[in-house]
Structures are given as structure tokens and as C-alpha cells.
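Notes to accompany the following structure.
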Amino acid sequence: MFTGLVREVGEVLSTRGNMIFIKSSIPASVGDSIAVNGVCLSVTESGEEGFWVEAADETRRIVPPEKFEGRVHLEAAMGMNDRFEGHIVQGHVDTVGVIEDIRKGENAVEFIVRVEPEYIRYIVPKGSIAIDGISLTVNEVFDSSFRLTIIPHTMRNTLISEYEKGSRVNIETDLFARYIDHILSHRKSAPSVSWRDIDAMQMSF
């Protein structure tokens, strides 16, 4: 489990088949889980400069290759005694979105992210979403896209400031929205549930 708070921006220095070497100061041991641009990967080897992780075929099928190149967001898995911040992130990429528009304001930058319409049902207005491993709040949801407002701190401390129109991003939708939708869709007589109901269910955890 992760929180969606980027702890470090590492750098991919080498690849070897499905193996990826990342330069990082995060103390990682063999078997540890590390989120790399929001993708949960297992450490297979570690050293003084960084660590190796392995990306399975299924991961490479979903995740764009550029997400395992150059500089990447890193977060070590949350410990049982860690302070919980951000939101619950599993490190499982649901889909890949595309930056459709970028609008600069006085003290924030708005991003419009396009996704396949089938995933909009899991994106909740004022709810949480993980973009390349960053925990963010969804401000507005449309038919096939959603709007994010990025504050200066996030712009300075993540790679999101380098995104352009057309950039692809890993997206992990809200865990509770997915679970609730799955449960209700498998009931014979599922009641109608609004986003307000889902938001209330989330806040109860």
C-alpha cells in the first residue's frame, strides 16, 4: 500500500529485458515494494546507488514505455507505523490518460486529463486519484475527462511541471469507487447510487 506522496524523484539508468535499474537514495532491500511512477514493483537487487526492479509483461502491456525511462516518481511502500497522508494507493495502474489541456492561473495550474469513458465511473468529483503515483484531488468530471488543480508545491517537487499537451500519464482510480461499483454490479437488484453516496461511504473509512 502507498499514499501517493512522492518521496523522491529517481532516475532510470539501465534496463535489461524486464529489469530496470533506478538511481535512488531510498534504502531498499530485496523484496521491498516501490512505486515507480505509480506502478508497484518489487526490488530484486539493491546497491549503493540504487536498486533493480522487475516489470512483468502485464505491467509493460498497460504502462507506456516512457514511464520507465529518465526521471521517475518514487515512493516506498507504507509501513504499519507510518503516518497516513495522501490517500490509499495500491500501485495498480487502471488505465493511461492523456493531458488534453493545461491552463495556468495565478497560483495554480489546471490540467484536463482525457481517459477512456469507461473509467469515468470510478473518478469522483472532489475525490482522490493517483497520477503517475501522485495523490491528487479531482475538481471536476466530464464525459471522458477530468480537471485537476495543481498547487505550486506539487509543481516544484514532482515531474508534473514537465508535462505537456499529449503527455501520457499512469492513472489509478479511487479504490473505494472501484470496490463499490464491483459489489453493486454483481448484485441482482443493485440500488441506484449517486456520487454523494460513494463519497459518504469513502469518508466512513
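The values are calculated or read from the model by the stated rules, or taken from the named source; none is laboratory data. Note that the structure is predicted; figures quoted are calculated from it, not measured. Don't worry about glycine lacking a Cβ; one is built from the backbone with ideal geometry, like all the others, and counts go over all protein chains shown.
Please tell me if ALA28 is of a type in the set (Gly, Ala, Ser) and within 26 Å of THR137 (Cβ to Cβ).
Working: of a type in the set (Gly, Ala, Ser): yes; within 26 Å of THR137 (Cβ to Cβ): no.
No: the conditions fail for ALA28.
Which of (1) in a loop (DSSP other than H, G, I, E, B); (2) free of Cβ contacts under 8 Å to residues at least 24 places away in the same chain; (3) not polar (S, T, N, Q) is the odd one out, the single condition HIS153 does not satisfy?
Result: HIS153 passes all but (1).
Give region 172-197 a look and list any residue that's acidic (Asp, Glu) and modelled with pLDDT of 70 or more, or say none.
Residues of region 172-197 that are acidic (Asp, Glu), as a first pass: 172, 174, 181, 197.
GLU172, ASP174, ASP181 - these are the residues of region 172-197 that are acidic (Asp, Glu) and modelled with pLDDT of 70 or more.
Just to be sure, is ARG16 within 24 Å of VAL98 (Cβ to Cβ) and exposed (fewer than 13 other Cβ atoms within 10 Å of the Cβ)?
On the way: within 24 Å of VAL98 (Cβ to Cβ): no; exposed (fewer than 13 other Cβ atoms within 10 Å of the Cβ): yes.
No.
Go through region 115-137 residue by residue and tally those that are under 16 Å from ASP94 (Cβ atoms), under 13 Å from the mean Cα position of the chain (by Cα) and of a type in the set (Val, Ile, Thr).
Just the residues of region 115-137 that are under 16 Å from ASP94 (Cβ atoms), to begin with: 115-124, 127-136.
Filter once more, so that each one left must be under 13 Å from the mean Cα position of the chain (by Cα): 123, 128-136.
Now narrow it down to the ones that are of a type in the set (Val, Ile, Thr): 123, 129, 131, 134.
Within region 115-137, residues that are under 16 Å from ASP94 (Cβ atoms), under 13 Å from the mean Cα position of the chain (by Cα) and of a type in the set (Val, Ile, Thr) number 4.
Can you pull out the residues in region 100-116 that are surrounded by 14 or more Cβ atoms within 10 Å (Cβ to Cβ) and assigned to a strand (DSSP E or B)?
From region 100-116, those surrounded by 14 or more Cβ atoms within 10 Å (Cβ to Cβ) are 100, 102, 108-115; that's our starting set.
If the condition is that a residue be surrounded by 14 or more Cβ atoms within 10 Å (Cβ to Cβ) and assigned to a strand (DSSP E or B), then GLU100, ILE102, VAL109, GLU110, PHE111, ILE112, VAL113, ARG114 are the ones that fit.
What pairs come up if the first residue lies in region 95-118 and is small (Gly, Ala, Ser), the second is assigned to a strand (DSSP E or B), and their beta carbons are under 7 Å apart, counting only those six or more places apart or on different chains?
Note: pairs meeting the criteria are GLY97/VAL113; GLY97/ARG114; GLY97/VAL169; GLY97/ILE171; ALA108/THR149; ALA108/ILE150.
What number of residues in region 25-54 are out of contact with any Ser or Thr (no Cβ under 8 Å at 6 or more places or on another chain), of a type outside the set (A, V, I, L, M, F, W, C) and surrounded by 22 or more Cβ atoms within 10 Å (Cβ to Cβ)?
Number satisfying all stated conditions: 2.
Consider region 29-74. How many of its residues are closer than 14 Å to GLY133 by Cβ and small (Gly, Ala, Ser)?
Qualifying residue count for the region: 3.
With the condition kept exactly as written, say whether any residue in region 80-99 is polar (S, T, N, Q), within 27 Å of GLU164 (Cα to Cα) and either part of a loop (DSSP other than H, G, I, E, B) or in contact with a strand residue (DSSP E or B) (Cβ under 6 Å, 6 or more places away or on another chain) (or both).
yes
All but one of (1) surrounded by fewer than 20 Cβ atoms within 10 Å (Cβ to Cβ); (2) small (Gly, Ala, Ser); (3) out of contact with any strand residue (DSSP E or B) (no Cβ under 8 Å at 6 or more places or on another chain) hold for SER167; state the number of the condition that does not hold.
Looking at each condition in turn, SER167 falls short on (3).
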